[in-house]
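Participant: Sharing a structure with you now.
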Ligand code: CP
């Protein structure tokens, strides 16, 4: 693995290898001493041009558990606020002998841009670019599904909410397809479904009840109002009425169906607040699994290279 920019086109064997490595590292760091020496001497830079709680923190925890040195560049107080370009920011941090950059940016393609311009031996990990991709979220979602429901081949998975603006939905759909999932559904009003989603392998539902009928996994998404910019979209109240997960709707799911959400959650919109951490919810487990999956990806990119770059 050289960079990780998208789930699209990842070979099935490599994807499975990442999930297996994550399981192994979770086990190896489950004791009182959570640290492994795998990335000792390596430097990892977190470059987040968009807000994050889970992804940035779990990347930092993952890197530290593998004994790497971590720099969290505070973008709002960095020299980007004085007009320094992305490219010059990259080159400046490379000059400090960084080995791997974890990048989040609101522009789709930002991580590819970094990968094109990174020095030989420097790796780029996409932590979310615009609406395009969030590959480590896709991986941790697959890891969580596999841990609870087994391999996704014969599962029905519904992704509910703002699919239009969601890089998570795209990465989840790619990942589920690669692992052979035959029933991937997206459930949302027509204004929140992107063109071409069927070609990606998803079935579209505009009503919640048929969309959730018989599913094993429900992945809820928040409305990304920061990306909506005046489009004709439902209000938060209308969305909750028509698509929000309530206790009554949860009771109609299969008894062993699980509920997931990449976070951040908006209580009372896509999910009733009382269900956020209920017995059917895997939301906090997803957060914890994010550490293992991110350890696995960084270990496969940097650790497997050994001493040479
Ligand atoms: N799931 C996710 O990307 O969450 P953050 O925005 O908090 O990183």
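Participant: Name, by its number, the condition in (1) within 23 Å of residue 226 (Cα to Cα); (2) in a helix (DSSP H, G or I); (3) in contact (Cβ under 8 Å) with a residue 40 or more places away in the chain that does not hold for residue 63.
Facilitator: Checking residue 63 against (1) within 23 Å of residue 226 (Cα to Cα); (2) in a helix (DSSP H, G or I); (3) in contact (Cβ under 8 Å) with a residue 40 or more places away in the chain, the one that fails is (1).
Participant: Which residues, taken from the stretch 1-40, are closer than 17 Å to residue 65 by Cα and surrounded by fewer than 11 Cβ atoms within 10 Å (Cβ to Cβ)?
Facilitator: 27, 30, 31, 32, 33, 37 - these are the residues of the stretch 1-40 that are closer than 17 Å to residue 65 by Cα and surrounded by fewer than 11 Cβ atoms within 10 Å (Cβ to Cβ).
Participant: Same structure again: Can you name every residue in the stretch 39-58 that is over 24 Å from residue 226 (Cα atoms) and either within 16 Å of the ligand (Cβ to nearest atom) or touching a residue at least 40 places away in the same chain (Cβ under 8 Å) (or both)?
Facilitator: 39, 42, 43, 44, 45
Participant: Working only within the stretch 91-115, note down all residues that are under 23 Å from residue 137 (Cβ atoms) and outside any loop (DSSP other than H, G, I, E, B).
Facilitator: Correct list: 100, 101, 102, 103, 104, 105, 110, 111, 112, 113, 114, 115.
Conditions tested, residue by residue: (1) at pLDDT 95 or above; (2) within 25 Å of residue 146 (Cα to Cα); (3) within 16 Å of the ligand (Cβ to nearest atom).
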| site | (1), (2), (3) |
| --- | --- |
| 234 | no, no, no |
| 238 | no, no, no |
| 245 | yes, yes, no |
| 249 | yes, yes, no |
| 253 | yes, yes, no |
| 259 | yes, yes, yes |
| 273 | yes, no, no |
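Participant: While we're on this one: Residues that are assigned by TED's automatic domain parsing to the domain that holds residue 102: which helices (runs of 4 or more DSSP H) entirely in the stretch 233-309 hold 2 or more of them?
Facilitator: Per the criteria, 283-301.
Participant: Additional query: Test each condition in (1) modelled with pLDDT of 95 or more; (2) under 30 Å from residue 70 (Cα atoms); (3) not in a loop (DSSP other than H, G, I, E, B) for residue 210 and report the one that comes out false.
Facilitator: (2)
Participant: Evaluate the following for residue 159: is it more than 30 Å from residue 97 (Cβ to Cβ), part of a strand (DSSP E or B), outside the structural domain of residue 89 (by TED's automatic domain parsing) and in contact with a helix residue (DSSP H, G or I) (Cβ under 8 Å, 6 or more places away or on another chain)?
Facilitator: yes
Participant: Could you please find all residues in the stretch 109-151 being away from the ligand (no atom under 15 Å from the Cβ) and in the same structural domain as residue 178 (by TED's automatic domain parsing)?
Facilitator: Those that are away from the ligand (no atom under 15 Å from the Cβ) and in the same structural domain as residue 178 (by TED's automatic domain parsing): 145, 146, 147, 148, 149, 150, 151.
The values are calculated or read from the model by the stated rules, or taken from the named source; none is laboratory data. Just so it is clear, the structure is predicted and the values come from calculations on it, not from any experiment. Reconstructed Cβ throughout: ideal geometry from the backbone, glycine too, with neighbour counts over all protein chains shown.
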